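Trainee: Here's a structure for you.
The values are calculated or read from the model by the stated rules, or taken from the named source; none is laboratory data. It should be emphasised that the depicted structure is a prediction, and the values quoted were computed from it without experimental measurement. Here the Cβ positions follow ideal geometry from the backbone for every residue, glycine too, while neighbour counts run over all protein chains shown.
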């Protein structure tokens, strides 16, 4: 196994974006094959409506992840705001492990916190209120009980509504709140945070309780992909997937 860990998020895979699907499949079959760990920090899919939906490209994605996990790569997945209906059947089919909203991991001696990132955007109060509602077990159970065709219709409506809502908000409101970032790091006792969601890739360095801290923001795959690579010697780098 290659002693490195890879992080990706916000691919928003769908039938409407075949170029991104091809890029992801190439990444899985070449770059990710044989590495120790792969973390997918949410929004792998643009609109995931249940593990029973095997319409393209879902089935291809599952088979690709199964292949890489069968070869020994530990695959971890966190829910995003577009694929929070992904469940245990997906994990059984792919060999992936589903993580909670926040997870502290060991990066070769460096403790780091990983999360999708939407919970950090606390200035966006309407979004946080809606998130609380749709993440309830009752809401998810009701949604998954609907026929697949009806969920597909809802997903198209949700994508339209999401774009409309975003157009009415400033980038600042939809970004991570610095005070929330600090509070989350303090709560988990770490000084390294890796997340996606905001589509504003960057490395933010700051002080936390008098010690250096850092926040890695992963990029959206649009049109090119990007992966954060963490090596056993403690070094890290960004690679473009074209």
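Trainee: Tell me which of these residue 54 doesn't satisfy, since it passes every other one: (1) touching a helix residue (DSSP H, G or I) at 6+ places or on another chain (Cβ under 9 Å); (2) in a loop (DSSP other than H, G, I, E, B); (3) touching a residue at least 40 places away in the same chain (Cβ under 8 Å); (4) surrounded by fewer than 22 Cβ atoms within 10 Å (Cβ to Cβ).
Mentor: Just one mismatch for residue 54, condition (3).
Trainee: May I ask you to list pairs of residues, at least six apart or on different chains, whose Cβ atoms are under 8 Å apart, with the first in region 228-240 being at negative phi and the second being at pLDDT 95 or above and in a loop (DSSP other than H, G, I, E, B)?
Mentor: From region 228-240, the pairs are 228/218; 230/108; 231/108; 232/108; 233/108.
Trainee: Please give the number of the condition residue 162 fails out of (1) under 20 Å from residue 44 (Cα atoms); (2) touching a helix residue (DSSP H, G or I) at 6+ places or on another chain (Cβ under 9 Å).
Mentor: Only one criterion in (1) under 20 Å from residue 44 (Cα atoms); (2) touching a helix residue (DSSP H, G or I) at 6+ places or on another chain (Cβ under 9 Å) is unmet by residue 162, namely (2).
Trainee: Something else now. Of everything in region 58-68, what is surrounded by fewer than 18 Cβ atoms within 10 Å (Cβ to Cβ) and either touching a residue at least 60 places away in the same chain (Cβ under 8 Å) or under 16 Å from residue 30 (Cβ atoms) (or both)? Give them in sequence order.
Mentor: Of everything in region 58-68, those that are surrounded by fewer than 18 Cβ atoms within 10 Å (Cβ to Cβ) and either touching a residue at least 60 places away in the same chain (Cβ under 8 Å) or under 16 Å from residue 30 (Cβ atoms) (or both) turn out to be 60, 63, 67.
Trainee: The conditions are (1) more than 16 Å from the chain's Cα centre (by Cα); (2) more than 26 Å from residue 132 (Cα to Cα); (3) part of a helix (DSSP H, G or I), and residue 89 fails exactly one of them. Which is it?
Mentor: Residue 89 satisfies every listed condition except (2).
Trainee: So residue 208 ticks every box in (1) farther than 15 Å from residue 113 by Cα; (2) surrounded by 10 or more Cβ atoms within 10 Å (Cβ to Cβ); (3) touching a helix residue (DSSP H, G or I) at 6+ places or on another chain (Cβ under 8 Å) but one. Which box is left unticked?
Mentor: Tallying (1) farther than 15 Å from residue 113 by Cα; (2) surrounded by 10 or more Cβ atoms within 10 Å (Cβ to Cβ); (3) touching a helix residue (DSSP H, G or I) at 6+ places or on another chain (Cβ under 8 Å), residue 208 fails exactly one: (1).
Trainee: While we're looking at this one, here's another question. Would you confirm whether or not region 81-89 contains a residue that is over 26 Å from residue 22 (Cβ atoms), in contact with a helix residue (DSSP H, G or I) (Cβ under 6 Å, 6 or more places away or on another chain) and surrounded by fewer than 21 Cβ atoms within 10 Å (Cβ to Cβ)?
Mentor: no
Trainee: Also, I was wondering about something else. Considering only region 33-47, state which residues are outside any strand (DSSP E or B) and surrounded by fewer than 24 Cβ atoms within 10 Å (Cβ to Cβ).
Mentor: Residues satisfying the conditions are 33, 34, 46, 47.
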